[in-house]
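Right, one structure below, let's go through it.
The values are calculated or read from the model by the stated rules, or taken from the named source; none is laboratory data. Note that the coordinates shown come from a computational prediction; the quantities given were computed from them, not determined experimentally. Positions of Cβ are generated from backbone atoms using ideal geometry, with glycine treated the same way; all protein chains shown enter the neighbour counts. When the accessible area is computed, the model is the full protein with side chains, heavy atoms only, and any ligands, DNA or RNA have been set aside. Shrake-Rupley method; radii C 1.70, N 1.55, O 1.52, S 1.80 Å.
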Amino acid sequence: MTTTRYSRYLRHTISRPAMLLSALLLCMLPVLAGCANTNNPAASGSSAGTGAEDNAHKLTIMLDWYPNAVHSFLYAAEAEGYFAEEGLEVEIQMPADTNDALKLVAAGKVDLALSYQPQVLMARGEQIPVKSIAALVRHPLNHLMVAADSGITRPGELSGKQAGYSSVPLYEAMLNTMVKSDGGDPSSLKLVDVGYELIPALSTGRVDGIMGGFINHEQLILEQQGHPVRSFNPVDYGVPDYYELVLVASEQGLQDSQGFYQKFVDAIRKGQQYVADHPDEALKLLLAHQEDTAPLDEAIEQRSLEILLPLMDAGSQPFGYQESPSWEKVNQWLSENGLLAAEVDIKNAFINF
């Protein structure tokens with residue numbers, strides 16, 4: 001498995017320290033907005049033309065990375081005609097960089113984007129006007145992982161050992177919280193920035209544990225390669241139960257197109273129900289959209305979808321529903337760990353349709 005396969009999960013502002021990224025993004029917004037051609041229907045999200053298809057309202061959505069199991073609901077909504085039923089023509093785009101999605105939606109270059117609850121709050125702390133409109137994966141996928149035969153049975157036992165991660169303040173804070181919550185000493189951790197090399201760093205014994213690996217991807221790949229792991233859910237060790245993946249719009253976009261965003265959410269709810277009812281068929285739809293540069297392993301994606309479906313289930317609430325206490329707890333934890341540049345009012349960070 002190449003590093004490209006698992007680089008998609010270096011997403012929570014992995015490429016740069018979060019504060020620097022947000023500051024750069026804030027500086028870019030006026031420039032990017034000024035470059036947008038508001039007379040271009042594709043750029044503005046409006047539709048033009050006289051044919052039946054041209055009468056559909058066009059929306060663009062930017063994925064967090066290349067197509068994979070977590071995006072199955074989008075391809076199901078497209079293939080089963082749920083977008084068309086809502087009068088929408090949806091273009092699904094992939095970012096050239098893991099940080100592109102949030103930047104582009106904030107700048108009005110795309111209508112919607114997939115991002116992450118902590119990142120939305122961190123962006124709002126930098127006065128970047130983005131808002132979550134649906135919680136897609138309701139619980140963390142990012143778990144602390146150690147080799148199954150390492151003898152490490154609890155996060156606190158990592159004290160004094162080497163922990164591999166990509167140099168991201170969010171991941172460092174999660175790791176420190178977990179070790180401290182379990183009675184360990186986070187100051188004794190020997191942090192090793194392994195970049196994209198999470199899988200080989202653990203499988204070769206270069207580090208004793210990794211933070212940034214996902215249970216529906218890195219863990220499955222490690223096990224497939226003969227390196228079983230023991231994973232620890234951050235929620236069990238002091239980290240708030242955050243939304244791993246959310247659907248994001250800009251505040252300006254919500255002012256201009258909220259009705260169409262509602263239709264989009266209605267369509268993906270049908271898409272997610274289709275995936276839940278027909279997982280095998282949904283997997284085939286996904287595999288038909290895989291990128292040549294990032295081919296999917298069918299066995300991995302099938303297992304990934306099995307892991308994801310219960311984590312995407314909102315129970316008695318509709319798919320995508322967001323709870324205020326979740327935003328409050330995550331916001332407080334980010335603030336306590338110095339990850340917010342300014343106070344954030346969570347009432348403005350999300351909206352339910």
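Points to keep in mind about this one:
- Selection of the stretch 85-117 for residues being of a type in the set (G, A, S), open to solvent by less than 10 Å² (accessible area, probe 1.4 Å) and over 16 Å from L254 (Cβ atoms) yields only A101.
- Single match in A342, A276, A282, A267 (criterion: surrounded by fewer than 17 Cβ atoms within 10 Å (Cβ to Cβ), among the aliphatic types (A, V, I, L, M) and in contact (Cβ under 8 Å) with a residue 12 or more places away in the chain): A342
Per-residue answers, yes or no, for (1) farther than 24 Å from Y242 by Cβ; (2) in a loop (DSSP other than H, G, I, E, B):
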position: F83; (1), (2): yes, no
position: T98; (1), (2): no, yes
position: A113; (1), (2): no, no
position: I128; (1), (2): no, yes
position: A163; (1), (2): no, no
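- Residues that are part of a loop (DSSP other than H, G, I, E, B) and of a type outside the set (G, A, S) do not occur anywhere in the stretch 260-277.
- If you filter the stretch 194-217 down to residues that are farther than 18 Å from G151 by Cα and in contact with a strand residue (DSSP E or B) (Cβ under 7 Å, 6 or more places away or on another chain), you find that the one that is most open to solvent (accessible area, probe 1.4 Å) is I215.
- If you check S231, S167, S150 for being small (G, A, S), open to solvent by 20 Å² or more (accessible area, probe 1.4 Å) and outside any loop (DSSP other than H, G, I, E, B), only one passes: S231.
- Filter result (more than 20 Å from G164 (Cα to Cα), polar (S, T, N, Q) and in contact with a strand residue (DSSP E or B) (Cβ under 8 Å, 6 or more places away or on another chain)) within the stretch 218-254: S250
- Condition check for A135: open to solvent by less than 10 Å² (accessible area, probe 1.4 Å), closer than 28 Å to P325 by Cβ and at pLDDT 95 or above: yes
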